[in-house]
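Everything below concerns the one structure shown next.
The values are calculated or read from the model by the stated rules, or taken from the named source; none is laboratory data. Values in this document were obtained by computation on a predicted structure and should not be read as measured data. Using ideal geometry, Cβ is built from the backbone for each residue, glycine included, and neighbour counts are taken over all protein chains shown. Ligands, DNA and RNA are stripped out before the accessible areas are found, and what is left, the full protein with its side chains, is counted by its heavy atoms. Shrake-Rupley method; radii C 1.70, N 1.55, O 1.52, S 1.80 Å.
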Amino acid sequence: MKSIEDDPSVSWRNYQRIRFIKGFYKVRGFVRDLVDQYEKQEEIAHETIDLLLETQLRALKDLSHVLYRLPDDNQIDRKKQRLFDKVLGELWHELDKARDNIRILEVYANEIHHGEDKVEMALSRLDKQILNSARRDLPLQLRRVRRVVEVLVPLFEQILPIYRNNAIVLRTLYFDRESLDALCQPSTIEYFYPIIYNSVGEGYLALIRSLLETRHLSQAQTALKELEAWVNTHPAEKPFFEQAQEAWKNS
């Protein structure tokens, strides 16, 4: 008998979920670096923000519409998910406006023409007004971008517990943790398991049970050893290790 994990539509949706999680935290890192760079150097290359928008955030925004604007799970209240999708769209628009201003400053700052007739003089005044507006608005836009991200991250992390019973998401975060470790300190496991579950220990217990159910015994044994090392420094979570150990014995 095939499990639900063998359903191609379920597998595809889980692939989208994992792709979104990885992409979201990558965008968070990009935005932080972008704003920090501007605050230190007071300039950003147009290609840098264009790369963020077109190769990272555009795909993420479209994927958010699929996962969070449209029904992803009819059993839960979708208010926060729709709000998250809306605010992610606002992040796109703020960055897009900043991109336009960066382009103006990069291309036209040194091309103001001092006209000799009324028409050219009017165009010169307009050029100066546009450039002055870009210089004034850009730092405000980038600060808004950072504030939007500061709101988006905790909002998304209120949504993540919907995946606590999703074994594919749980296992993929574990096996692909190297790709997220640098973005989610101190590590993927210590970052996500307390968000999706209540603690690292509970997350490991769910992982080990899932690995045992799918007969990934060597991986389950490795995870059990990691959990044992964890509870040695976090003794309050020892009951999770005992339950995992019992599951291993009965497998």
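Put a dot 7 Å past each Cα toward the Cβ at Thr222 and Leu126; how far apart are the dots in nm? Spacing of the two 7 Å Cα→Cβ label points: 6.4 nm. Axis angle, to the nearest 10 degrees, between helix 118-159 and the longest C-alpha principal axis of the chain: 10 degrees. Applying 1/(1 + (r/R0)^6) with R0 = 45 Å to the Cβ-Cβ distance of His46 and Thr233, what FRET efficiency is obtained, to the nearest 0.05? Result of the calculation: an efficiency of 0.40. Relative to the longest principal axis of the Cα atoms of the chain, helix 238-249 runs at roughly 60 degrees. Working from Cα pairs under 8 Å separated by at least six residues, relative contact order for the chain is 16 percent.
Taking every protein chain into account, the accessible area of the chain amounts to 57 square angstrom per residue (probe 1.4 Å). Using a simple spin-label model with pseudo-atoms 7 Å out from Cα toward Cβ, Arg177 and Glu246 lie 2.4 nm apart.
Per atom type, the stretch 182-225 shows carbon and sulfur on 49% of its accessible surface, probed at 1.4 Å. Spacing of the modelled spin labels on Leu155 and His93, each 7 Å from Cα toward Cβ, amounts to 1.2 nm. Determine the sum of side-chain charges near Arg32: Lys and Arg each +1, Asp and Glu each -1, restricted to other residues whose C-beta is under 14 angstrom from that of Arg32. Charge balance near Arg32 sits at +2.
One chain, two ends: Ser199 and Arg13. Fully extended at 0.36 nm per residue, the span grows by 64.4 nm beyond their Cα-Cα distance.
Efficiency by 1/(1 + (r/R0)^6): what FRET value for Val66 and Arg215, r their Cβ-Cβ distance, R0 = 35 Å, to the nearest 0.05?
0.65
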